[in-house]
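The values are calculated or read from the model by the stated rules, or taken from the named source; none is laboratory data. Everything numeric in this text was worked out from a predicted model, so none of it was measured. Note that we place each Cβ from the backbone using ideal geometry, even for glycine, and neighbour counts take in every protein chain shown. The area values use the complete protein model at the heavy-atom level, side chains included, leaving out ligands, DNA and RNA. Shrake-Rupley method; radii C 1.70, N 1.55, O 1.52, S 1.80 Å.
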Amino acid sequence: MPAQKPQLLGLDRQSLEFLLAGWGESPFRAKQILQWIHGRQITDFAEMSNISKALRARLSEETQYAEPEILADQLAADGTRKWLLGLPDGNAIETVFIPEEDRGTLCVSSQVGCSLACSFCATGAQGLNRNLDTHEIIAQIRTARQIQGLDAITNIVFMGMGEPLLNLRQVLPALDLLRDDFAYGFGPKRITVSTAGVVPGLDRLGAESPVNLAISLHASRDEVRDVLVPVNRHYPLAELLDACRRYPLLPRRRITFEYVMLDGVNDSDADARALLRILSGIPAMVNLIPFNSFPGSDYQRSPQKRIDAFRDIILRGDVMTVTRRPRGDDIAAACGQLAGQVRDGRRSIPLRVQA
Ligand code: SF4
């Protein structure tokens, strides 16, 4: 079988330099090419005026370039916008743009579906079909920039479909491209990776690409978390929180702990006090997320009064806490509602962190 041509959009600077070195080209060409295809989003090789004709021809012949097809484009009443992006194998993923006064956040997917089966999450209910490739992660940012404008996105969060730490082989080069000044130039403080708690992946992320960290926590006791976030049975709270304590935080940053508020499940005063206890010693910020319902889910959102009481206990413990305003829930774009179109989702939990 002939070797597959490399996907140009998925090559970070190091990989591109390696490819070009094999063609006898100097490494600075990689910076120029990144600037064209990512910085300026020009993909017509003919426009790359500072690249020789011979190199442009070689790029065009020996690399491939794939962008997803926009299958649906939905705009919520609050300005949140969700795209359903079709992939060549018939799967489709979702990407959400959340505009605010002072920022534009893009929530990207890292897998087609998810194997971790969190019981309050629409993606988890689909199972996992496959990991996304680096170019498919990057294509989400490109699509959003093409539509919203090159400067519209100020922050990237890996909180869409999938568990990014189970796809580090593809996510790490994507982070390199996002942070590379010759590609997208996002500072590490503007990128957040969210995990349900895959501890070995967390250590590796901290060692290789320390960006902001968010933990999908959702419970302060193992017996509750085992049900809500089943990966807790492999990496229980004590292990996860130890990993948080050793994570190399960026200066003046906190770890965000996401906590979905489920009526009668995890929202008691005792749960709030237990949360304070387990977070002790961690620079933490708690995000309370009123549950967003989806078809087939049995959970109910905690009443607002309960959410407020829970928040007040955390605040009295001197931990920063905000209650997240649901964004885009009228188009199923809010937290936990992303479903995409996942073919043949398998429900297994392959917890190996890739080399
Ligand atoms: S919450 Fe995140 S980790 Fe859990 S099933 Fe959903 S996408 Fe997967």
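Key figures for this structure:
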| quantity | calculated |
| --- | --- |
| Volume per residue of the C-alpha convex hull in segment 8-62, rounded to whole Å³ | 73 Å³ |
| Value of relative contact order over the chain, rounded to a whole percent, pairs C-alpha under 8 Å and six or more apart | 18 percent |
| Stokes-Einstein D (µm²/s) once Rh is taken as the Kirkwood radius of segment 69-331 over alpha-carbon pairs, at 20 °C in 1.002 mPa s | 114 µm²/s |
| Ranked packing of 61-67, 102-108, most packed first, by mean Cβ within 10 Å | 102-108, 61-67 |
| Viscosity 1.306 mPa s, temperature 10 °C, Stokes-Einstein D of segment 123-178 from Kirkwood C-alpha radius, µm²/s | 129 µm²/s |
| Accessible area per residue, Å², the chain with all protein chains present, probe 1.4 Å | 43 Å² |
| Tensor-based shape of segment 54-128 (alpha-carbon gyration tensor, a/c under 1.5 rounded, otherwise prolate or oblate) | oblate |
| Residues of type lysines that Lys189 reaches as a straight line, Cα spacing below 28 Å, ignoring anything fewer than 8 places off in the same chain | Lys31, Lys82 |
| Principal semi-axes in Å for segment 1-159 [√(5λ), Cα gyration tensor, largest first] | 31, 20, 13 |
| 3J(HN,Hα) from dihedral phi, segment 21-31, Karplus parametrisation 6.51/-1.76/1.60, rounded to Hz, x for glycine, proline | 4, x, 9, x, 9, 7, x, 5, 4, 4, 4 |
| Stokes-Einstein D in µm²/s, Kirkwood radius over Cα pairs - segment 203-245 at 25 °C with 0.890 mPa s viscosity | 220 µm²/s |
| Segments 26-34, 44-52 sorted - mean Cβ within 10 Å per residue, highest first | 26-34, 44-52 |
| The chain: most fluctuating residue of His38, His218, His234 per GNM, C-alpha cutoff 10 Å | His234 |
| Helix-only CD estimate at 222 nm, as mean residue ellipticity for the chain, using -39500 (n - 2.57) per DSSP H run (n ≥ 4) | -9000 deg cm²/dmol |
| Listed residues Leu228, Leu240, Leu20, most fluctuating in the chain (Gaussian network, C-alpha, under 10 Å) | Leu20 |
| Sequence-distant residues sharing a close amide H with Arg301 (under 5 Å, placed H) | Asp263 |
| Ordering of 85-94, 317-326 by packing [mean C-beta count within 10 Å, highest first] | 85-94, 317-326 |
| Karplus (6.51, -1.76, 1.60) ³J(HN,Hα), θ = phi - 60°, over segment 143-157, in Hz, Gly and Pro reported as x | 4, 5, 5, 4, 7, 8, x, 4, 9, 6, 9, 10, 9, 10, 10 |
| Dipole moment magnitude, nearest 20 debye, segment 204-258 about Cα centre, only Lys, Arg, Asp, Glu C-beta charged | 300 debye |
